[in-house]
């Protein structure tokens, strides 16, 4: 029996990155052999075991063959006669097919080290095309390693395009698409995930609401980049600078979906895109069973981001009405996430990357000051029943009026 370190741990060690997880492959052994040694079986589809002390995963070397459409359609063979080379050749990317033996020597059967040195994301074999999840995975790895200069190999991109044309992407289930997407949103360059999916044609299949933003014009006066799709990628990029929370980045990605359905006769203007975007976000989240907290933040960003941009221009009543609509008093943390997405929207334009977006800190301060209006004091002043809420509104409105007046006078 031999044990090898494989995959991401070897790759990241060679890149000088922190190694988070260790995956091990065992050759020359059977499930019974590992059980006798105290390993605990956990794999449902193929033999995976937990080490009795470290609890890290150890998988028997295995091969696989395609039996049906989609990523579930595989039959696995794991036995003591399967070699390490056979095992790694079923993996997705060459840089993920590297292994290390017990002495720390590198084992490279598919040219992974060369691709690692050259910054290339390349498929191991034509078997890559048998699993549509790999399109999402390679887009996610592109988002992770883009800051290091990694690109998808031309041959791999062609293979991905062919997979899309053959309908392999149609077999993906909602939960798996979201699982990969939310992980990609946590990567250093999440916009690259979207760009890779668009380049291979998968974006139009999976997220047509995002895909149709590209090529849609906006007023050059406010958007030097003009193209709504380019703007959305810049906003997503800025959101990654402002926050490491995938929930904020998702809201930034979907904030302008309504611009993709703007009637052509009113372009480049997008009157009413906020309301259209709200319903598109709702539909997208329902389709992919996206968690409620992601959906709710994305919905309010889509519907109210322009309210934040115009906070200095609108009436005090509108400011307070917006705070109530955002449920900002009961959910201050979500309101701050909303402001981050709005800031990313403002920064996501050429020349505005470092713009002093004063609306966000002002809006945040307005929420803080209006939240300090004491309900108990209102009750002590003799107000009862519905009069309490009316007086609370009146006092909060006076706070907003005073703050806006002070801004205009400064």
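The values are calculated or read from the model by the stated rules, or taken from the named source; none is laboratory data. The structure presented is a predicted model; accordingly, all values stated were derived computationally and were not measured. Note: ideal-geometry Cβ built from the backbone for every residue, glycine included; neighbour counts use all protein chains shown.
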### Query
If you scan the stretch 98-143, which residues turn out to be free of Cβ contacts under 8 Å to residues at least 40 places away in the same chain and in a loop (DSSP other than H, G, I, E, B)?
103, 104, 105, 108, 109, 110, 111, 119, 122, 124, 125
### Query
residue 285 fails exactly one of the following numbered conditions: (1) farther than 27 Å from residue 172 by Cα; (2) crowded, with 19+ Cβ neighbours inside 10 Å; (3) free of Cβ contacts under 8 Å to residues at least 24 places away in the same chain. What is the number of that condition?
(1)
### Message
Against the conditions (1) within 21 Å of residue 101 (Cβ to Cβ); (2) without any contact (Cβ under 8 Å) to a residue 12 or more places away in the chain; (3) loosely packed, with under 13 Cβ neighbours inside 10 Å, where does residue 21 fall short? Just the number, please.
### Response
(2)
### Query
Somewhere in the stretch 386-407, is a residue outside any loop (DSSP other than H, G, I, E, B), farther than 23 Å from residue 312 by Cβ and within 25 Å of the chain's Cα centre (by Cα)?
no
#### Entry: Conditions (1) loosely packed, with under 12 Cβ neighbours inside 10 Å; (2) under 28 Å from the mean Cα position of the chain (by Cα); (3) more than 28 Å from residue 233 (Cβ to Cβ); number of the one not met by residue 329
(1)
### Summary
Matching residues in the stretch 224-236 (under 18 Å from residue 181 (Cα atoms) and surrounded by fewer than 20 Cβ atoms within 10 Å (Cβ to Cβ)) number 0
### Task
Among residues belonging to the stretch 162-175 that are part of a helix (DSSP H, G or I) and out of contact with any helix residue (DSSP H, G or I) (no Cβ under 6 Å at 6 or more places or on another chain), point out the one that is farthest from residue 200 (Cα to Cα).
175
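Residues are listed down the side, and each one gets a yes or a no for (1) under 18 Å from residue 185 (Cβ atoms); (2) in contact with a helix residue (DSSP H, G or I) (Cβ under 6 Å, 6 or more places away or on another chain):
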{"position": "243", "(1), (2)": "yes, yes"}
{"position": "253", "(1), (2)": "yes, yes"}
{"position": "273", "(1), (2)": "no, yes"}
{"position": "279", "(1), (2)": "no, no"}
### Task
Please enumerate the residues belonging to the stretch 78-97 that are part of a loop (DSSP other than H, G, I, E, B) and surrounded by fewer than 24 Cβ atoms within 10 Å (Cβ to Cβ).
79, 80, 81, 82, 83, 89, 90, 91, 92
### Summary
Here the qualifying pairs (Cβ atoms under 6 Å; residues six or more apart or on different chains; first in the stretch 300-323 and closer than 14 Å to residue 357 by Cβ; second part of a loop (DSSP other than H, G, I, E, B) and at pLDDT 95 or above) come out as 305/255
